[in-house]
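Here's the structure, in structure tokens; my notes come after.
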Amino acid sequence: MLDQLKSDTITSDLLRHIRLNKAFIIWMGVLGISFLVCIYAYTIQLRDGLGVAGIRDYVSWGLYISNFVFFVAVSLIGMLMTAVLGLIGIKWASPLARIAEIIALAFASVAGLVIISDMGRPDRLLYVFIHGRVQSPIVWDITVVTIYIIISLLLLYLPLIPDFKICYDKLEKAPKIQRTIYKILSLNWNNTPEQQKIIKNSIRVLAILIIPVAFGIHTVTSWLFANTSRAGWDSTIFGPYFVSGAFVAGCAAVIIAMYFYRYNYKLKDYITDMHFDKMAKLLVLVSLVYLYFNLNEFMVPGYKMKKFDAIHLNELFTGAHALLFWSTQLLGLVLPIIILLFKQMRKPLPVMVVSIFVLVGAWFKRYIIVVPTQEHPYLPIQNVPLNFKFYTPTLIEILITIAPILLAIIIITILSKVIPIIPIHETLEELEEPEKVGNK
Amino acid sequence: MYKKNIGLKLTTIILGSLLAINVAAQNWNIPADQSAKNSSFPFNASTAKEGEAIFTKNCVSCHGNPGKGNSLKSLSPIPPDLAGAVTQHRTDGDIFYIISTGRVIMPSFKDVLTDQDRWKVISYIRSFNKDYVQVLSKFDSGKSKLVKITMEFDAKTNQIKVLVKANETTGVVSLKNDEVELFAKRYFGKLQIDKTNRTDANGLVVFSFPKDLPGDKNGNVDLIVSVNDDSYGEVQYQKVFKVGVPTNKPSLTEKRAIWNVLAKAPVWLILTYLFCVFLVLSVFGYIVYNLFKLNKSSDIKNLKS
């Protein structure tokens, strides 16, 4: 009886945010209008060509590609949270799995669009598929990103099936179409043992599959760079360097989202201080791994200072990019690690603030990886206008870069208005479990 | 006072040597007959346009765009801006000679661009000079059609024999004392064979051919002979001879390779790719099947209860 009451409060707590309120409409309005402004910038690029951006012959990968790498990176967190932590059976992570999965889905699907913004002739997108060569990392990248989006979608959907049923049952005041969609999507869920078994099996298979796919997606992305022989990209550790960096960015993104949900959706009892503490520890762990890779990536060539590496590294350490380089390394990586080692700093607010630094740092780190290398080709730059030599993003380019970020936030916002952000079914199940054990 | 003097002297020396360099730079020692040469076709907008294309491909990297002063400053001497007074004061024949022979850093374009192309570039360079008035060559370019060249290979002596005649209305005449060059066509440009020779009284000229020149897989070499006659102009003749060493170097794109087209991708790569995609697709299939089962298993339960 008491349990019935308890599970009812849980259900209503976790369903509370599925409704339209003023705050949501204002928030979406702001996002939507900003997004439209950015889209307008893109129409200018469509009309006049890529020349409206600051990218030129030498630095031809600028903000757009940095942004793409960032998006792919953030999306990897879905794999870490649902698959890795889930398969090892780390219980505290399971209420956060859906947040991670929503972020993964939003960022992975927008990543594909980011690439299109870097195309001078997006109308020829289909040619990539028709004339692609398996030898090119780009074809693998497209394949694996598509696969990752599908798996993320499935990993979001499968655990949602029981929740859709709950939504259908409990959200009687919701519009009729919404309920019909819940009903269809709940696939006649009846909580039978067989159904439970099918869901568990399917999730397990996908959780295993997503691990190599996620490693693939970011390793292949890193090979887009590492498979060339240019100073700064010609590195054998680019794969793990990218993957570990991705976890850092993803953890930070999840923490920021957790904080937002906890306060806006009043989920204090479900996303607890303990969760922030654990996520902060996880962030420190992955950051330490990433720091280790950074050490290798810069220390080894920095010790040898081979001719062309030296030009590149001097530019990063003391040259034109030094400020950005040291800021990303110190503010985005070293300091966060140190700060989060203190227990008092692993409370929700400080963790969230540190995570914002980490996430912004992660974005600029992608820029540091993508752009400076291109400013020093092996053959000297000759007889070109001055703006070919140094990359300066244009306003239009910056707006087009912001667009995907807004789009990802829009997707996340909408998703969290139509599905429960904390898995209800699982939470209830966990409530029953100790009892079951006790009965036996 | 003393110091000042040294300074003055130094300045004089430096200025003087600079002037000397400048004079040397301008002085190309062009033979008078070359200097007096002229194009046989009139320069107009369309020849200038064709010339611009050639210029963009061959010259702009050093000289920059005429009139823009954006030549490559890191070279010594700095390639002059060709719209400048120094160049524009030269005769067409001078410029033609400079482009043809080159000097140290300025490459020779004799074997890269045809006579016609070199004149077109000059037409482009002249289009930046409003005061320019063209002097046309008096020479009748139609006459070059009368020239008849025959080429033979003598296997015993390993020599190429070239006979140069002209079919005049008055009868066949031999072209005497004409400059003749022999080239073998290579992947990039032409390779001169032997030295530049002159025809004898019978219009005959003999080149000794190397024994080790690589040919195609049958040993064929594309030979080009170029004759320059004062009254008939420049005439070229091309013929394939089986005089090279048969060489069968498969093209780099013949076999399967990472850099080749999709149809010629390495087998292991195609298989790996297909295997991965197949694996993923079968898992997706399994999931879809599971979802169907999920849907069904609920129905059965409902019926039973």
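The values are calculated or read from the model by the stated rules, or taken from the named source; none is laboratory data. Just so we're clear, the structure is a prediction, and the values are computed from it rather than from any experiment. Glycine also receives a Cβ, built like all others from the backbone with ideal geometry; neighbour counts cover every protein chain displayed. Ligands, DNA and RNA are excluded from the accessible area calculation, which covers all protein heavy atoms including side chains. Shrake-Rupley method; radii C 1.70, N 1.55, O 1.52, S 1.80 Å.
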> Within the stretch B:221-228, is even one residue free of Cβ contacts under 8 Å to residues at least 60 places away in the same chain, open to solvent by less than 30 Å² (accessible area, probe 1.4 Å) and in a helix (DSSP H, G or I)?
Replying inline: no
> So which of A:205, A:243, A:213 is in a helix (DSSP H, G or I), of a type in the set (A, V, I, L, M), within 12 Å of chain B (Cβ to nearest Cβ) and within 17 Å of the chain's Cα centre (by Cα)?
Replying inline: A:213
>> I'd like to check something: does the stretch A:121-140 contain any residue that is of a type in the set (Gly, Ala, Ser) and within 14 Å of chain B (Cβ to nearest Cβ)?
In response: yes
> Within the set of pairs 6 or more residues apart or between chains, which connect a residue that is acidic (Asp, Glu) inside the stretch A:158-169 to a residue that is part of a helix (DSSP H, G or I) and open to solvent by 10 Å² or more (accessible area, probe 1.4 Å) with Cβ atoms less than 6 Å apart?
Replying inline: A:163/A:425
>> Could you go through the stretch B:243-263 and let me know if any residue there is surrounded by 13 or more Cβ atoms within 10 Å (Cβ to Cβ) and more than 14 Å from chain A (Cβ to nearest Cβ).
In response: yes
> Which number in (1) over 20 Å from the mean Cα position of the chain (by Cα); (2) closer than 29 Å to residue A:220 by Cβ marks the one condition that residue A:267 misses?
Replying inline: (2)
> Does the stretch A:360-368 contain any residue that is assigned to a helix (DSSP H, G or I), among the charged types (D, E, K, R) and modelled with pLDDT of 95 or more?
Replying inline: yes
> In the stretch B:229-246, how many residues are in contact with an Asp or Glu (Cβ under 9 Å, 6 or more places away or on another chain) and not in a loop (DSSP other than H, G, I, E, B)?
Replying inline: 9
> Is one or more of the residues making up the stretch A:423-433 open to solvent by less than 30 Å² (accessible area, probe 1.4 Å), more than 14 Å from every other protein chain (Cβ to nearest Cβ) and either under 30 Å from residue A:241 (Cα atoms) or in a loop (DSSP other than H, G, I, E, B) (or both)?
Replying inline: yes
> Of all residues in the stretch B:56-93, how many are more than 14 Å from chain A (Cβ to nearest Cβ) and more than 17 Å from residue B:113 (Cβ to Cβ)?
Replying inline: 13
>> Being open to solvent by 10 Å² or more (accessible area, probe 1.4 Å), out of contact with any strand residue (DSSP E or B) (no Cβ under 7 Å at 6 or more places or on another chain) and aromatic (Phe, Trp, Tyr) is true for just one of A:238, A:247. Which residue is that?
In response: A:247
> Just one of the numbered conditions (1) open to solvent by 40 Å² or more (accessible area, probe 1.4 Å); (2) aliphatic (A, V, I, L, M); (3) within 12 Å of chain B (Cβ to nearest Cβ) is not true of residue A:88; which one?
Replying inline: (3)
> Taking into account only those residues within the stretch A:371-403 that are within 18 Å of the chain's Cα centre (by Cα) and β-branched (Val, Ile, Thr), which is nearest to the other protein chains (Cβ to nearest Cβ)?
Replying inline: A:401
> So how many residues does the stretch A:369-392 have that are among the aliphatic types (A, V, I, L, M), open to solvent by less than 70 Å² (accessible area, probe 1.4 Å) and assigned to a helix (DSSP H, G or I)?
Replying inline: 3
> In the stretch B:149-193, which residues are closer than 16 Å to residue B:240 by Cα, outside any strand (DSSP E or B) and open to solvent by 80 Å² or more (accessible area, probe 1.4 Å)?
Replying inline: B:187
>> If I ask for residues that are within 30 Å of the chain's Cα centre (by Cα) and buried (at least 16 other Cβ atoms within 10 Å of the Cβ), which ones from the stretch A:181-195 would you list?
In response: A:181, A:182, A:183, A:185, A:186, A:187
> Counting only residues that are of a type in the set (S, T, N, Q), without any contact (Cβ under 8 Å) to a residue 12 or more places away in the chain and touching a helix residue (DSSP H, G or I) at 6+ places or on another chain (Cβ under 8 Å), how many does the stretch A:191-221 have?
Replying inline: 3
>> For the stretch A:159-177, check the following and say yes or no: at least one residue is basic (Lys, Arg), in a helix (DSSP H, G or I), more than 11 Å from chain B (Cβ to nearest Cβ) and under 22 Å from residue A:98 (Cβ atoms).
In response: yes
> Going by the conditions given, is residue B:231 more than 12 Å from chain A (Cβ to nearest Cβ), closer than 30 Å to residue B:41 by Cβ and among the polar types (S, T, N, Q)?
Replying inline: yes
> What helices (runs of 4 or more DSSP H) completely inside the stretch A:258-353 contain at least 1 residues that are touching a residue at least 24 places away in the same chain (Cβ under 8 Å) and among the hydroxyl-bearing types (Ser, Thr, Tyr)?
Replying inline: A:273-304, A:322-329
> Among the residues of the stretch B:38-91, which ones are open to solvent by less than 40 Å² (accessible area, probe 1.4 Å) and in a helix (DSSP H, G or I)?
Replying inline: B:47, B:48, B:51, B:54, B:55, B:60, B:63, B:87, B:88
>> With the requirement that a residue be over 21 Å from residue A:414 (Cβ atoms) and at pLDDT 95 or above, what does the stretch A:256-271 give you?
In response: none
